[in-house]
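For reference, the structure discussed in these notes is given below.
Laboratory data are not the source of any read-out in this text; all were calculated from the coordinates shown. Computed from a predicted structure; not experimentally measured. Every residue, glycine as well, gets a Cβ built from its backbone with ideal geometry; the counts of neighbours run over all protein chains shown.
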Amino acid sequence: MFTKAPLIPLLLAAGTALAQNSVVIPNGYENAPGPSAFIGPLHGDPRTNQFIIRESQLTAIVGQDITAIAFRLPASATSDWPIVEVTYFSYDILLSDGVNPSSRQFDFFANVVGPQDLVRTGPLVVTPFSFTTGGAPNDFGPEIELNEPWHYAGGNLVVEVLHTGHDQGFRNNDAVGTSEPGYLTEFANIWQGTGPSPVQGNFSIIKLITDGATCPPDLNGDGVVDADDFFLFLQLFADGDPRADFNNDGVIDADDFFAFLNAFAAGC
């Protein structure tokens, strides 16, 4: 049985935990282009897109405030976009807890768990040539900033994007197809245009940006580093929960345990 007192000597020898200020979903595509494309978040016609993301994709930003999102063009794109200024009359973003991607339904409300927060609303202006090409992958386009930060304390996440479209046609963005590994287990997407109901779509590769102000040992996100966080980590570690991968190396082992001890001792 673990108790706090015998661990004090270990705190002094522990490594450090590194905070991150963004995460790309799916995780494996930060430095690799997606195999598909999708005309959703940048479409010229009105669209609602719902990204359903499993918590295992988000361990790097637990305890951080999401402040913006971003998309990028597919590697197949041959010219920067847009060629003239594009204005969405309304570009809204809602964030909430969600179901597992494997439990996704073709019903926007059914995929949401708990309250759904409107974190961005109002027009969106995209300046000419701000989405660039020539990379593999291409750079992410301009950050779409939230009106207010949203604290991510762990769990599955639903990012819902609703926009009114624009008058400059459509533009594909980088995406992962519905038959690719991880779809419906780690991530999923449904979308709706002018049709009567939502349908399945490719998952647009999305970047979640945080303010970098994080307190990694505050695992329960209550703003205090205390015994509740310590015993929560022990439980996560014993269960092999992805949130126990404290150094974000993809393996839950003693390095994560020591990294957490160090961060716990330092506090925030």
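Structure above, values below:
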| quantity | calculated |
| --- | --- |
| Distance from region 160-231 to region 233-268 (C-alpha centre basis), Å | 24 |
| Tilt relative to the chain, helix 254-266 - C-alpha long axis, 0 to 90 degrees, to 10 | 80 |
| Rounded to the nearest 20 debye, dipole of region 31-132 from Cβ charges on Lys, Arg, Asp, Glu | 200 |
| Mean projected area (nm²) of the alpha-carbon convex hull when region 121-192 is viewed from all directions | 7.1 |
| Residues Leu162, Leu73, Leu95 arranged by fewest to most Cβ contacts within 10 Å | Leu162, Leu95, Leu73 |
| Over the chain, equivalent-ellipsoid semi-axes from the Cα gyration tensor in Å | 36, 18, 17 |
| Two-decimal Rg/Rh across region 216-266, once Rg and the Kirkwood Rh are taken from alpha-carbon atoms | 0.92 |
| Ellipticity estimate at 222 nm from DSSP helix runs (n ≥ 4, -39,500 (n - 2.57)) divided over the chain, nearest 500 | -3500 deg cm²/dmol |
| Degrees, to the nearest 10: 227-239 long Cα axis against longest axis of the chain | 80 |
| Most to least packed among 55-65, 121-131 [average Cβ atoms within 10 Å] | 55-65, 121-131 |
| In nm, spacing of pseudo-spin labels at Val224 and Val113 (7 Å Cα→C-beta vector) | 2.5 |
| Neighbour-count ranking [beta-carbon atoms within 10 angstrom, fewest first] of His151, His163 | His151, His163 |
